[in-house]
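Written below as structure tokens is the structure these notes are about.
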Amino acid sequence: MWVSGQVVKLGHNVSTDDIIPGRYCDAFDEDRLAEHVFESMPGDTRHRLGPGCLLVAGRNFGCGSAREHAPLALRGAGVTGVVAIDFARIFFRNAVNVGLPALTCPDFVHAAEDGAFASVDVSSQRLRIGDRSFDANPLPELVTAIRDAGGLVPWVRQLTVPSHDSPGTPPK
Amino acid sequence: MTRRRAPAMPETLVEKIAGAHAVGGTAPAGATIQVDVDVVVINDGCGPLAFEQFRRMGVNEVADRNRVVLVNDHFAPAPTLAAARLLNAMRQFADEQRIPHFYDLGSGGIEHALLPEKGLVRPGDLVFGGDSHTCTIGAFGAVGIGVGSTDIAGILALGRTWMRVPHTRRWDFVGHRPAFVTGKDLVLQLLGRLGPDGASGEAIECGGPALAGFNLDDRMALCNMAPEGGAKTALVIPDQTTEAWAESVHGSPVGIRPDDDAVYVSRETIDVTALRPMVARPPSPADAVPIDAVAGLRVDHVYIGNCANGTISDLRQTAAMLRGHRVAKGVRLIVVPATQAIYRQALSEGLLEVFVSAGATVASPGCGACFGGHMGLVDAGEVVLANINRNYHGRMGHPNAQIYLANSYVAAAAAVAGRIIDPAELLRDEIGVG
């Protein structure tokens with residue numbers, strides 16, 4: 001699966017409060033959340049987002065709360081994926097679970113400039129920007145399986161629902 | 001609990017507990033394993049989305065309804081129609097799945113304070129919660145790990161989940177506890193050393209003889225802010241205090257300790273004797289400095305209450321500062337007991353009388369303004385002192401508000417003085433206020 005987009009470059013320690021303030025988390029509709037994404041963050045980040053953008057961030061992206069509203073708000077705002085030097089653990093799990101591509105690749109982050117066009121092969125974890133290629137950090141096998149299933153819901157369905165209803169049931 | 005083989009390597013506390021729950025044996029740091037979950041804790045901010053995902057997972061019944069704890073605490077009482085819907089969704093799920101441990105307005109409070117209060121957690125337990133501060137229960141020798149709604153749905157469906165076993169950083173506290181230094185100050189001290197991600201994905205393990213002078217409420221504060229340094233979880237090594245609690249609540253001793261030769265990422269000793277009350281400056285919980293660095297700063301709004309610092313100890317500390325004084329002119333003080341039972345205890349101890357006489361607002365138990373949900377948001381340019389755990393931009397309302405974090409003594413003293421002061425000044429002298 002490929003995703004691509006224009007790079008929107010962010011700094012370190014972007015928190016879940018930056019991404020979506022708590023007072024909007026009384027609902028989880030992606031479009032509604034998208035209206036408030038990065039509302040509290042200093043600067044003009046919220047206006048730099050649009051359909052088909054790739055967030056490229058520094059260390060500790062998504063730190064703070066466990067709110068799953070964070071990756072949902074980003075996706076609702078048109079973000080196709082997030083590449084970071086590293087992720088806060090709960091945001092990373094949430095992104096994988098809801099099917100928002102999240103890749104750890106410090107070298108790519110250093111090379112990517114704001115506004116550049118980049119593409120990502122999520123399955124192989126390979127990133128491209130200009131004529132340069134990078135490999136994101138590999139994931140544990142189990143997490144790869146969840147990602148490849150499309151997220152945690154389809155992954156669990158493979159376990160709970162017999163094969164006639166879901167494609168690609170894993171071998172026992 | 002899953003049976004396990006005797007391990008070959010010495011283990012930290014989190015390795016032991018993860019190993020005891022690992023599907024298939026031991027759990028060395030760095031390994032990605034599947035684990036059986038003892039308790040899954042769900043609040044109204046996380047739950048309703050989790051329930052939708054649960055239904056999509058093709059499961060009709062939760063794996064074990066006795067291991068589920070549902071708590072209406074984030075948007076309770078409901079400030080919006082959408083929030084009222086969330087609270088009802090929690091009630092409906094509790095009803096439909098016949099979940100016995102459901103805590104609604106009037107019977108509960110904040111989830112992480114409720115777990116030990118209601119005896120729903122044991123030392124050695126592995127608990128997952130739909131909230132980043134699930135690690136607060138490390139004070140009771142249990143591993144608490146925060147995850148999001150869809151992970152919660154997976155646990156509801158399967159009774160298990162995956163985790164990467166963390167490496168551990170160990171701190172041992174020695175010396176004698178100074179006046180006005182609390183568990184909050186210990187964790188702010190750690191955060192000042194770690195920075196926002198110094199313990200990324202790791203466990204924090206705390207021991208040392210000085211901890212005997214810090215009670216369980218202090219230890220909740222110590223464990224609560226571990227994620228603000230990037231940590232996955234935090235634990236206080238069970239000692240006599242933990243044993244006494246375990247005996248009184250569960251009738252059984254703890255019996256779990258790290259091995260003497262366990263391997264840690266780092267192991268440091270901190271002498272608490274010379275510690276000062278600490279303050280974290282906006283916009284980072286890890287930008288923690290001794291109070292002296294910010295003394296004199298004028299404040300507009302003081303908030304006392306959250307999952308770790310709405311305890312009866314915090315309320316007693318607040319009352320000690322407020323007794324005989326009034327909240328400074330132009331300053332607002334909001335006090336939120338963490339649970340209904342704590343609220344009642346504060347009432348019976350005469351603490352609420354002290355708060356109200358001093359001009360504080362006392363609110364119903366819940367997360368409230370800590371996450372900016374309701375019960376006291378703040379305006380642009382306001383300077384806030386709160387005993388909560390985060391001070392990121394917009395945390396409690398307007399992004400241009402400035403939020404400083406400190407313990408309850410410091411917060412309450414600032415409410416009286418109208419500026420940040422050393423709490424010792426308030427008890428020693430009458431000071432000019434306003």
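Here are some notes:
- Extreme residue, nearest to A:N60 (Cα to Cα), among residues of segment B:211-240 that are out of contact with any Leu (no Cβ under 9 Å at 6 or more places or on another chain) and surrounded by fewer than 21 Cβ atoms within 10 Å (Cβ to Cβ): B:L216
- Among the residues of segment A:146-164, those identified as more than 10 Å from every other protein chain (Cβ to nearest Cβ), among the small types (G, A, S) and under 18 Å from the mean Cα position of the chain (by Cα) are A:A149, A:G150.
- Count - residues of segment B:191-208 that are assigned to a strand (DSSP E or B) and of a type in the set (A, V, I, L, M): 2
- Remark: pairs (first residue in segment A:93-111, farther than 17 Å from B:K232 by Cβ and within 11 Å of chain B (Cβ to nearest Cβ); second residue crowded, with 23+ Cβ neighbours inside 10 Å and aromatic (F, W, Y); Cβ separation under 8 Å; 6+ apart in sequence or on different chains) are absent.
- When each of B:T134, B:T161, B:T150 is tested for being within 12 Å of another protein chain (Cβ to nearest Cβ), hydroxyl-bearing (S, T, Y), over 16 Å from B:M220 (Cβ atoms) and in a helix (DSSP H, G or I), the lone residue that passes is B:T150.
- Scanning segment A:1-35 for residues that are among the hydrophobic types (A, V, I, L, M, F, W, C), assigned to a loop (DSSP other than H, G, I, E, B) and more than 7 Å from every other protein chain (Cβ to nearest Cβ) yields A:M1, A:L10, A:V14, A:I20.
- Applying the criterion of at least 2 residues that are in contact with a strand residue (DSSP E or B) (Cβ under 8 Å, 6 or more places away or on another chain) and within 21 Å of B:A18 (Cα to Cα) to the strands (runs of 3 or more DSSP E) found wholly in segment B:209-285 leaves B:233-236, B:266-271.
- Subset of segment A:128-144 (residues that are more than 14 Å from chain B (Cβ to nearest Cβ) and in contact with a Ser or Thr (Cβ under 7 Å, 6 or more places away or on another chain)): A:R128, A:A136
- Considering residues of segment B:250-271 that are over 30 Å from B:P282 (Cβ atoms) and β-branched (V, I, T) only, the residue surrounded by the fewest Cβ atoms within 10 Å (Cβ to Cβ): B:T269
- Screening A:E113 on (1) assigned to a loop (DSSP other than H, G, I, E, B); (2) buried (at least 22 other Cβ atoms within 10 Å of the Cβ); (3) not small (G, A, S) shows it passes everything except condition (2).
This table checks each residue for (1) at pLDDT below 95; (2) under 23 Å from the mean Cα position of the chain (by Cα); (3) surrounded by fewer than 22 Cβ atoms within 10 Å (Cβ to Cβ).
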site: B:E15; (1), (2), (3): no, yes, no
site: B:P28; (1), (2), (3): yes, no, yes
site: B:V40; (1), (2), (3): no, yes, no
site: B:D64; (1), (2), (3): no, no, yes
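- Filtered residues of segment A:49-68 (kept if more than 8 Å from chain B (Cβ to nearest Cβ) and either free of Cβ contacts under 8 Å to residues at least 12 places away in the same chain or in contact with a Cys (Cβ under 7 Å, 6 or more places away or on another chain) (or both)): none
- Any hit, segment B:78-88, residues being buried (at least 23 other Cβ atoms within 10 Å of the Cβ), part of a helix (DSSP H, G or I) and within 13 Å of chain A (Cβ to nearest Cβ): yes
- Positions within segment B:99-118 being of a type in the set (G, A, S) and under 20 Å from B:I145 (Cβ atoms), in sequence order: B:A113
- When we screen B:E247, B:E243, B:E205 for residues that are crowded, with 20+ Cβ neighbours inside 10 Å and not basic (K, R), the only hit is B:E205.
- For segment A:19-30, the criterion of a residue being farther than 14 Å from B:S149 by Cβ, crowded, with 24+ Cβ neighbours inside 10 Å and in contact (Cβ under 8 Å) with a residue 24 or more places away in the chain is satisfied by at least one position.
The values are calculated or read from the model by the stated rules, or taken from the named source; none is laboratory data. Keep in mind the model is a prediction, meaning the values are calculated, not measured. Neighbour counts run over all protein chains shown; Cβ positions are idealised from the backbone, glycine included.
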